[in-house]
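The values are calculated or read from the model by the stated rules, or taken from the named source; none is laboratory data. Just so we're clear, the structure is a prediction, and the values are computed from it rather than from any experiment. We place every Cβ from the backbone using ideal geometry, glycine too, and count neighbours over all the protein chains shown. For the accessible areas, the whole protein counts, side chains as well, though only heavy atoms, and no ligand, DNA or RNA atoms are used. Shrake-Rupley method; radii C 1.70, N 1.55, O 1.52, S 1.80 Å.
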Amino acid sequence: MNEINLAQFILDIVRKKKEQVTELVMAGGVKDMEHYGRLMGNIDGLEYVEQELKSLLEKQELIDDWGYTA
């Protein structure tokens, strides 16, 4: 598995986990405010990782398109 495939695989896992946590919150599965805070922190962290992976994949796509090597 090359680096691009690995990044895409991880991105899929992150998106699925974010969706699961969001569904839990939306379905009223929050026990208390502390639990809610932890879940929102999880979503924030997952969104950060998702954005970073997307950015890396976009940069790699530009490098591939232009044939640039650093």
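None of K16, K31, K59, K54 is open to solvent by less than 100 Å² (accessible area, probe 1.4 Å) and free of Cβ contacts under 8 Å to residues at least 60 places away in the same chain except K54.
For the condition open to solvent by less than 100 Å² (accessible area, probe 1.4 Å) and either over 18 Å from the mean Cα position of the chain (by Cα) or free of Cβ contacts under 8 Å to residues at least 24 places away in the same chain (or both), Y36 qualifies.
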